Amino acid sequence: MLEKRIGEPCPTCQTPLQRRASTFRTIVGDVAFCARCCSSFELARADDDAALAFGPPELAPI
């Protein structure tokens with residue numbers, strides 16, 4: 001499954017993608033969904049460095 005971000009244009013119809021709960025058994029959580037053509041895409045992960053900047057110091061990027 002392709003990875004896309006919320007708000008990116010759908011590769012098929014160029015409609016902005018929105019967040020939706022996954023209906024797939026293999027994907028737990030939310031997906032990027034196109035309401036116009038009913039396509040679903042796995043959510044692309046944000047940079048792990050930004051997420052770790054607010055965690056414990058031993059996990060912070062060097």
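Each reported figure results from applying straightforward, stated rules to the coordinates on display, with no laboratory input. Keep in mind the model is a prediction, meaning the values are calculated, not measured. Counting neighbours? That spans all protein chains shown, and the Cβs are built from the backbone with ideal geometry, glycine included.
Quick look at the values:
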item: Separation in nanometres of the label points that stand 7 Å from Cα toward Cβ, at Gln14 and Val28; result: 3.9 nm
item: For Ala35, distant residues with modelled amide H under 5 Å away; result: Gln18
